[in-house]
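Laboratory data are not the source of any read-out in this text; all were calculated from the coordinates shown. Fair warning: this is a prediction, and the values are worked out from it, not measured in the lab. No Cβ is skipped: glycine too gets one built from the backbone with ideal geometry, and neighbour counts run over all protein chains shown.
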Amino acid sequence: MSKKVIIIGSGIAGISSSLKLKSYGINSIIVDKGNFIGGRISTREAEKNSSSSFFFHGAQFFTAKTPEFKKIISTGVNEKYIEEFGNFDPKRYRGNKTMRDFLLNLSKELNIQQKVKIIGIKPDNYKIKVLDNNVKEWISYDGVISTLPAPQNSELLNQFPSLQKTLNTGSYHACIALMFTFEEIPSDLNTYYDFYKKPGILSWMAYGSNLNVWTAHTNEAFSNLNYYKDENFLKEKIMSSIKQFFFSSKIKFHSLHVWKYAKVAKKCLGPQIDPKHTVAIAGDFLEGPNVESAFISGNKAANLIFNRLK
Ligand SMILES: Cc1cc2nc3c(=O)[nH]c(=O)nc-3n(C[C@H](O)[C@H](O)[C@H](O)COP(=O)(O)OP(=O)(O)OC[C@H]3O[C@@H](n4cnc5c(N)ncnc54)[C@H](O)[C@@H]3O)c2cc1C
């Protein structure tokens, strides 16, 4: 089917939308404002041009309950760009060797352009016009899937009141990620530390692509109250919490990343596609606070768009 469809966001929801459309014979284009693919499944180099040390400062692992996502995992495991993480039941997975590798492999047959920020979307009879900050001229599409986190999506879709209504029903928790390395790797190190439901400000701490690169995440209570505060204040608070666990080892601060919209606190309820125009929304905010949910919502958006266009 020769229809022109644009997907906004190269996170897992955008990638799954594009893969599903491709299975129906529709070749979409994905655009994303970031430098790299993946959105909140993010990977950062520990040193410039390093090929071996990467932090995973967004999603730490993913799980699979649905047949669709299980199929993705099993292909990735067979082709060695997904590996099992830890020893959990149900099983947890990561990209191999980085989270980015998971997405790069999953999307290798898709058309993706990074560093393109969409700044406007408007209806235009039976088409949709989209404006980006590079070309700066309105371009016409037959269909649009927008996968930004719900509050940003709501701002962008201000000409589509029924989608805005859906997007305004949900909410997110923030999360502050501190990336660090060791001067010397401690001998008694685990691969992750789970602080869920434990006192303190941390929720989780785990290694990245090797045992020297680590990310610590703050818990929901601390993150929601403090995410907008001064970076040095946040850095000191998190560093002193980490040091309680590795007091004999020298820890080197690398960087801080604040996620204002990290994990879904309340899902959005309402229609996923505009009643009149071929514009759909997708993302974790529709299905739940994890990678698999975002993937499923992308599949659903693609089905809705395909049924409208056929
Ligand atoms: C710190 C943290 C820890 C997490 N831990 C886990 C975990 O362990 N396991 C798990 O399953 N899930 C975890 N999650 C949740 C998981 O990462 C998300 O649910 C999932 O990645 C969301 O995918 P998405 O495609 O819906 O959105 P996103 O990944 O946010 O993708 C949206 C994309 O839209 C792009 N964008 C935004 N505005 C524009 C614009 N105007 N123009 C163009 N592009 C734009 C962004 O750059 C982004 O790439 C975690 C999230 C965070 C932040």
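Using a Gaussian network for the chain with springs between C-alpha atoms less than 10 Å apart, which of these wobbles most: Asp32, Asp124, Asp89?
Highest fluctuation among the options: Asp89.
Specify the angular offset, from 0 to 90 degrees and rounded to the nearest 10, of the alpha carbon long axis of helix 67-78 from the longest principal axis of the alpha carbons in the chain.
60 degrees
Cross-link list Lys70/Lys129; Lys4/Lys267; Lys97/Lys122; Lys48/Lys267: which exceed 32 angstrom alpha carbon to alpha carbon? Intermediate values should be presented prior to the final figure.
On the way: Lys70/Lys129 36 Å; Lys4/Lys267 30 Å; Lys97/Lys122 40 Å; Lys48/Lys267 38 Å.
The answer is Lys70/Lys129; Lys97/Lys122; Lys48/Lys267.
Please determine, in degrees from 0 to 90 and to the nearest 10, the orientation of helix 231-243 with respect to the longest principal axis defined by the Cα atoms of the chain, where the helix direction is its Cα long axis.
Taking the Cα atoms of the chain, the angle to 231-243 is about 50 degrees.
Counting only helical runs of four or more DSSP H residues, what would the 222 nm mean residue ellipticity of the chain come to if each run contributes -39,500 (n - 2.57) and the total is spread over all its residues?
Working: 9 runs with 89 residues, N = 310.
Calculated at 222 nm, the ellipticity per residue is -8500 deg cm²/dmol.
What share of Cα pairs, in percent, lie more than 22 angstrom apart in the stretch 235-310?
Numbers: 1427 of 2850 pairs.
Summing the P(r) of the stretch 235-310 above 22 Å gives 50 percent of all pairs.
Give the long-range amide H neighbours of Ala46: residues separated by 5 or more places, or on another chain, with amide H under 5 Å away, using H modelled in the peptide plane at 1.01 Å from N.
For Ala46, whose amide H was placed from the backbone, the distant partners under 5 Å are Ser53, Phe54, Phe55.
From the residues Tyr193, Asn219, Met205, which one has its Cα farthest along the dipole of the stretch 171-265 in the positive direction, the dipole being from +1 and -1 charges on Cβ of Lys/Arg and Asp/Glu about the Cα centre?
Checked the options; the winner is Asn219.
Report ³J(HN,Hα) in whole Hz for each residue of the stretch 173-186, in order, from the Karplus equation J = 6.51 cos²θ - 1.76 cosθ + 1.60 where θ = phi - 60°; Gly and Pro get x.
With coefficients 6.51, -1.76 and 1.60, one gets 8, 7, 7, 10, 10, 10, 9, 8, 10, 9, 5, 9, 5, x Hz.
Distance in nm between label sites at Glu84 and Lys22, each 7 Å beyond Cα in the beta-carbon direction?
If labels sit at Glu84 and Lys22, their model points lie 2.8 nm apart.
Which one of Pro289, Leu103, Ser154 has its Cα pushed farthest toward the positive end of the charge dipole of the chain, where Lys and Arg give +1 and Asp and Glu give -1 at the Cβ?
Most positive-ward Cα: Ser154.
About the Cα centre, and with charges only on the beta carbon of Lys, Arg (+1) and Asp, Glu (-1), how big is the dipole of the stretch 171-265? Nearest 20 debye, please. Intermediate values should be presented prior to the final figure.
Numbers: 10 positive and 8 negative charges, 45 e Å.
Computed charge dipole of the stretch 171-265: roughly 220 debye.
Distance between the C-alpha centers of the stretch 86-110 and the stretch 37-57? Whole Å please.
After rounding, the separation between the Cα centres reads 14 Å.
Rg to Rh ratio, the chain, alpha-carbon atoms and Kirkwood radius?
Numbers: Rg = 20.0 Å, Rh = 20.2 Å.
Result for the chain is an Rg/Rh of 0.99.
Taking amide hydrogens as modeled 1.01 Å from N in the peptide plane, which residues meet the under 5 Å criterion relative to Lys4, leaving out close sequence neighbours?
Close amide H contacts, sequence-distant or interchain: Asp142, Gly143.
How many angstrom lie between the C-alpha centres of the stretch 123-164 and the stretch 261-305?
What the calculation gives is 15 Å, centre to centre.
So if a site counts as exposed when it's one of the chymotrypsin sites (Phe, Trp or Tyr not before Pro), its DSSP state isn't H, G, I, E or B, and it has at most 10 other Cβ atoms within 10 Å, what's the longest stretch of the chain without one?
Details: sites that count: Tyr126, Tyr196, Tyr228, Phe247.
The longest uninterrupted stretch comes out as 1-125.
Among Ile112, Phe55, Gln244, whose Cα lies farthest out toward the positive end of the dipole of the chain, if unit charges sit on the beta carbon of Lys, Arg (+1) and Asp, Glu (-1)?
Looking along the dipole axis, the top candidate is Ile112.
With the chain treated as a Gaussian network of Cα nodes joined by springs under 10 Å, which of Asn35, Asn226, Asn105 yields the largest mean-square fluctuation?
Of the options given, Asn35 has the highest mean-square fluctuation.
Go ahead and set up a Gaussian network model of the chain, Cα springs under 10 Å, then flag whichever of Gln272, Gln60, Gln114 fluctuates most.
Gln114
Quick one: net charge around Val291, please, counting Lys, Arg +1 and Asp, Glu -1 for every other residue with C-beta under 12 Å from its C-beta.
On the way: positive: Arg40, Lys65, Arg92, Arg94, Lys263; negative: Asp284, Glu287, Glu292.
Computed value for this residue: +2.
Considering only the other residues whose Cβ falls under 14 Å of the Cβ of Tyr227, what net charge follows from Lys and Arg at +1 and Asp and Glu at -1? Please report the intermediate quantities before stating the final value.
Details: positive: Lys229, Lys235, Lys237, Lys260, Lys263; negative: Glu220, Asp230, Glu231.
With Lys, Arg at +1 and Asp, Glu at -1, the net is +2.
Please list the non-local residues whose amide H lies under 5 Å from the amide H of Val116, H modeled 1.01 Å from N, same-chain partners needing a gap of 5 or more.
Asp32, Lys33, Gly34
Hey, could you get me the Stokes-Einstein D for the stretch 171-265, Kirkwood radius over alpha-carbon pairs, 10 °C and 1.306 mPa s, rounded to whole µm² s⁻¹? Could the numbers behind the result be given before it?
On the way: Rh = 13.5 Å.
Reported coefficient: 118 µm²/s.
Counting DSSP beta bridges in the chain, what percent are antiparallel, to the nearest 5?
Values: 41 of 55 bridges.
For the chain, the DSSP antiparallel bridge percentage is about 75.
Quick one: how many lysine pairs in the stretch 171-265 have C-alpha atoms under 24 angstrom apart, if they're 8 or more apart or on different chains?
27
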